[in-house]
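S.K.: The structure follows.
The values are calculated or read from the model by the stated rules, or taken from the named source; none is laboratory data. What you see is a predicted model; the values in this text were computed from it and never measured. No Cβ is skipped: glycine too gets one built from the backbone with ideal geometry, and neighbour counts run over all protein chains shown.
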Amino acid sequence: MNVQRNTLLLIACLVWSAAGINILRIGLVAYPAYLTVVNVLLSLAVFGAFQVFVFGRLVRKHTDRISSYLEERQFFLKFFDAKAFVIMAVMMTGGIALRASGVAPERFIAVFYTGLGAALLLAGLLFGCNFGKARLADARGRAA
C-alpha cells in the first residue's frame, strides 16, 4: 500500500506516540510509591539523554530521508529504514524481557520508563509537527 510521501511522517508520529504513551503509562503507574525529587530529576535526566542523543537525531534523520524521496508515493512502511526497525525491535524485546524477568526493581521501572516514555512521545509529536510543516509547505507550493 503506497501513501503520499509526507504521510510517512504522520505514520511515524502515530507509531512513536503510541509507543511513548504506552511506556510512559507503565512508568507513571509504578511511580507513586517512588515519587521523590531525586527520582523526578533522574527521570528528567533519562528524558534529556534519550531526547538529545537518540530520538532527536532519529526524528531529524528520518524526516530528512523522507523529504528527500523523489517519488511522491511511497510504501507505507518506509517511514523508517531497516536499521530503525531493528532498533525498535531490540528496544521492545529488551523492555519486555527486563520487566518479565523481574531483574529491574520497580523503582527503576518507574524512573527509567517515565523518562524514556516521555522522550518517545516527544519524538512522535515532533514527527507530527514535521508532517504539519510539510503539509503547509505543499499547500503554499500549490497556491503559488
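S.K.: Take Ala119 and decide whether it is touching a residue at least 40 places away in the same chain (Cβ under 8 Å) and among the hydrophobic types (A, V, I, L, M, F, W, C).
M.R.: So Ala119 fits the description; yes.
S.K.: Would a scan of segment 22-31 turn up a residue that is of a type in the set (Lys, Arg) and modelled with pLDDT of 95 or more?
M.R.: Scanning segment 22-31 turns up at least one residue that is of a type in the set (Lys, Arg) and modelled with pLDDT of 95 or more.
S.K.: Of the residues in segment 1-25, how many are touching a strand residue (DSSP E or B) at 6+ places or on another chain (Cβ under 7 Å) and either assigned to a helix (DSSP H, G or I) or without any contact (Cβ under 8 Å) to a residue 60 or more places away in the chain (or both)?
M.R.: 1
S.K.: Can you pull out the residues in segment 1-13 that are among the hydrophobic types (A, V, I, L, M, F, W, C), surrounded by 14 or more Cβ atoms within 10 Å (Cβ to Cβ) and either more than 25 Å from Leu58 (Cβ to Cβ) or over 15 Å from the mean Cα position of the chain (by Cα) (or both)?
M.R.: Correct list: Val3 only.
S.K.: Give me the pairs: first residue in segment 60-86 and under 18 Å from Gly128 (Cβ atoms) and in contact (Cβ under 8 Å) with a residue 24 or more places away in the chain, second residue surrounded by fewer than 12 Cβ atoms within 10 Å (Cβ to Cβ) and of a type in the set (A, V, I, L, M, F, W, C), beta-carbon distance under 9 Å, and six or more apart or on different chains, which are they?
M.R.: Phe76/Met1
S.K.: Residues of segment 113-144 being of a type outside the set (A, V, I, L, M) and surrounded by fewer than 20 Cβ atoms within 10 Å (Cβ to Cβ), which ones?
M.R.: Result: Gly128, Cys129, Gly132, Lys133, Arg135, Asp138, Arg140, Gly141, Arg142.
S.K.: Next question. May I ask you to verify whether Ile109 is modelled with pLDDT of 90 or more, more than 14 Å from the chain's Cα centre (by Cα), closer than 30 Å to Met1 by Cα and surrounded by 19 or more Cβ atoms within 10 Å (Cβ to Cβ)?
M.R.: Here the answer is no, as Ile109 does not meet what is asked.
S.K.: Shifting gears a bit: Of all residues being farther than 28 Å from Pro105 by Cα and among the charged types (D, E, K, R) in segment 14-73, which is surrounded by the fewest Cβ atoms within 10 Å (Cβ to Cβ)? Just the residue, please.
M.R.: Glu71
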